[in-house]
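Peer 1: Quick one: structure below, then a few questions.
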Amino acid sequence: MKHWRIEDVAWDRFDPTKVDPDLVPLVKAAAMVERNGTDYAVYLNRVFGDDPDFRQAADYWADEEVQHGDALGKWAMLADPSWDYQSAFARYKAGYKLPLDAEASVRGSRTGELIARCMVETGTSSYYTALGEAAGEPVLKQICRHIAADEFRHYKLFYDHMRRYLARENISLLRRLRIAAGRIGESEDDELAYAWHCGNEPDDTTYEHERCSAAYMARAMAFYRFHHIERGMGMIFKAVGLKPRGRLSDLSAKAAWQLMQWRRQRIAAKLAA
Ligand SMILES: [Fe+2]
Ligand SMILES: [Fe+2]
């Protein structure tokens, strides 16, 4: 069912002279979050307990996310042979827990859950597109292209199921907007900051949310360009039921871009202090 396999990657083309040291810690952190996809599938299987079609799709989806983690982890070990993907992930898994015993979506409805999933796939598709465009190392470039293509497909998968549930649950535009904004805001929660910590900091360093989140954000935001934000905004608009291309999405993309630049500077100043 997968659209590509780890064996398809041209690993023998790996060129250590072209590794960008700013990308390596981001790849290590991303490998943690991606590899954790199986836990998310457990949660989705519970939330969509009586929907076998979606449950099967969620299991295939998780296989692809795990493969993203494994490919990124393998690349990071080539770029930094002192790094151990499996032990870094074991630390992450031990310290970061999803609500696996949930009986219903933490978003309040299945439509809401699927909108939140669309936000995540919007974020990952833009992120890997940005990293792939920035990468000079050919193997990383290939991996990011494969992953970004998967993330766009994942968005479509969750979007299609969301439309099905929306017809049934009919939640208001305002609630859909609130769920979308809430999930985007969560990108500064522990999931990524803790992945940064486990992927990049020594065992004896204590996890500190503020520090790790700032370190991660400062590096990640540097790779975005306006066209990534513009495309992502269109996907967000589409997921909540607004026109993906138009004056409102244009203005929102420009505002989001300005906000990102402002936040980048603020974080840089904080890190320098
Ligand atoms: Fe992924
Ligand atoms: Fe994905």
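The values are calculated or read from the model by the stated rules, or taken from the named source; none is laboratory data. What you are looking at is a predicted structure, and each value in this text was computed from that prediction instead of being measured. Reconstructed Cβ throughout: ideal geometry from the backbone, glycine too, with neighbour counts over all protein chains shown. Protein only, heavy atoms only, side chains kept; ligands, DNA and RNA dropped before computing areas. Shrake-Rupley method; radii C 1.70, N 1.55, O 1.52, S 1.80 Å.
Peer 1: Would you mind computing, in nm to one decimal, how far apart the modelled labels at Arg263 and Glu188 are, each placed 7 Å from Cα along Cα→Cβ?
Peer 2: According to this spin-label approximation, the distance is 0.6 nm.
Peer 1: Continuing with this model, one more query. First check a/c for the range 76-157, with a ≥ b ≥ c the square roots of the eigenvalues of its C-alpha gyration tensor; if it is under 1.5, answer rounded, and if not, answer prolate when a/b is larger than b/c or oblate otherwise.
Peer 2: oblate
Peer 1: I would also like to ask the following. Could you give the accessible area per residue of the range 80-162, probe 1.4 Å, as a whole number in Å²?
Peer 2: I get 37 Å² per residue for the range 80-162.
Peer 1: Let me ask something else about it. Place a +1 charge on the Cβ of each Lys and Arg in the chain and a -1 charge on the Cβ of each Asp and Glu, then give the dipole magnitude about the Cα centre in debye, rounded to the nearest 20.
Peer 2: Using only the charged Cβ atoms, the result is roughly 1440 debye.
Peer 1: Determine the dipole magnitude for the range 213-253: charges of +1 sit on the beta-carbon of Lys and Arg, -1 on that of Asp and Glu, nothing else is charged, the reference point is the Cα centre, and the result goes in debye to the nearest 20.
Peer 2: In debye, rounded to 20, the range 213-253 gives about 120.
Peer 1: Can you check what the net charge comes to around Glu133, using other residues whose Cβ is under 9 Å from the Cβ of Glu133 (Lys, Arg +1; Asp, Glu -1)?
Peer 2: Here the count lands on +2.
Peer 1: Now for a different question. Each residue of the range 243-260 in order: what ³J(HN,Hα) in whole Hz does its phi give by Karplus 6.51 cos²θ - 1.76 cosθ + 1.60, θ = phi - 60°, with x for Gly and Pro?
Peer 2: 5, x, 10, x, 4, 5, 6, 4, 5, 5, 5, 5, 5, 5, 5, 4, 4, 5
Peer 1: Mind running the shape call on the range 121-188? Use the C-alpha gyration tensor, a ≥ b ≥ c as the square roots of the eigenvalues: rounded below 1.5 for a/c, prolate if a/b tops b/c, oblate otherwise.
Peer 2: oblate
Peer 1: Return the single residue from Asn200, Asn170, Asn36 with maximal mean-square fluctuation; model: Gaussian network over the chain, springs between Cα atoms under 10 Å.
Peer 2: Asn170
Peer 1: If you don't mind, another one. Could you tell me which residue out of Ala148, Thr122, Ala167 lies farthest along the dipole of the range 114-273 toward its positive end? Charges go on the beta carbon: Lys and Arg +1, Asp and Glu -1, centred on the Cα centre.
Peer 2: It is Ala167, whose Cα lies furthest towards the positive end.
Peer 1: Please express the shape of the chain as an equivalent ellipsoid: the semi-axes are the square roots of 5 times the eigenvalues of the C-alpha gyration tensor, given largest first in whole angstrom.
Peer 2: For the chain, the ellipsoid semi-axes come out as 29, 22, 19 Å.
Peer 1: Met233: accessible area at probe 1.4 Å, nearest 10 Å²?
Peer 2: Result for Met233: roughly 30 Å² accessible.
Peer 1: Further question on the same structure: Taking θ as phi - 60°, what are the ³J(HN,Hα) couplings along the range 147-161 by the Karplus curve (6.51, -1.76, 1.60), each to the nearest whole Hz, with x for Gly and Pro?
Peer 2: Karplus-based 3J(HN,Hα) across the range 147-161 equals 5, 4, 4, 4, 5, 5, 5, 4, 4, 4, 4, 5, 4, 4, 5 Hz.
Peer 1: My understanding is that a pair violates if its Cα-Cα distance is over 28 Å; which of Lys93/Lys243; Lys28/Lys238; Lys18/Lys238; Lys18/Lys74; Lys156/Lys254; Lys2/Lys93 do that in this structure?
Peer 2: Lys93/Lys243; Lys28/Lys238; Lys18/Lys238
Peer 1: Another question, then. Determine one quarter of the surface area of the Cα convex hull of the range 174-273, which equals its mean projected area, and express it in nm² to one decimal.
Peer 2: If I average the Cα hull's projected area over directions, I get 7.2 nm².
Peer 1: I want to verify a result. In a Gaussian network model of the chain, Cα cutoff 10 Å, which of these has the top mean-square fluctuation: Asp15, Asp53, Asp70?
Peer 2: Of Asp15, Asp53, Asp70, the most mobile in the Gaussian network model is Asp53.
Peer 1: Could you bin all the Cα-Cα distances of the range 1-125 into 10 Å bins starting at 0 and give me the percent of pairs in each, rounded to whole numbers?
Peer 2: Distribution as computed: 12, 38, 32, 15, 4, 0 percent.
Peer 1: With point charges of +1 on the Cβ of Lys and Arg and -1 on the Cβ of Asp and Glu, referenced to the Cα centre of the range 82-197, which listed residue (Pro138, Ala180, Trp83) lies farthest in the positive direction of the dipole?
Peer 2: Working it through, the farthest residue towards the positive pole turns out to be Ala180.
Peer 1: Name the most mobile residue of Trp83, Trp196, Trp75, meaning the one with the largest mean-square fluctuation, in a Gaussian network model of the chain with Cα contacts below 10 Å.
Peer 2: Trp83
Peer 1: Given a 1.4 Å probe and every protein chain left where it sits, what share in percent of the accessible area of the chain is carbon and sulfur?
Peer 2: In the chain, the share of accessible area belonging to carbon and sulfur is 54 percent.
Peer 1: Under a Cβ-only charge scheme (Lys and Arg +1, Asp and Glu -1), can you give me the dipole magnitude of the range 137-250 about the Cα centre, in debye to the nearest 20?
Peer 2: Dipole magnitude for the range 137-250 comes out near 1260 debye.
Peer 1: The chain: longest stretch without exposed GluC sites (Glu not before Pro) (DSSP loop, at most 16 other Cβ within 10 Å), sites themselves excluded?
Peer 2: Counting only loop sites that pass the neighbour cut-off, the longest clear stretch is 104-207.
Peer 1: Grab the Cα-Cα distance for Arg225 and Tyr60, subtract it from 0.36 nm times how many residues apart they are, and report the gain in nm with one decimal.
Peer 2: 56.3 nm
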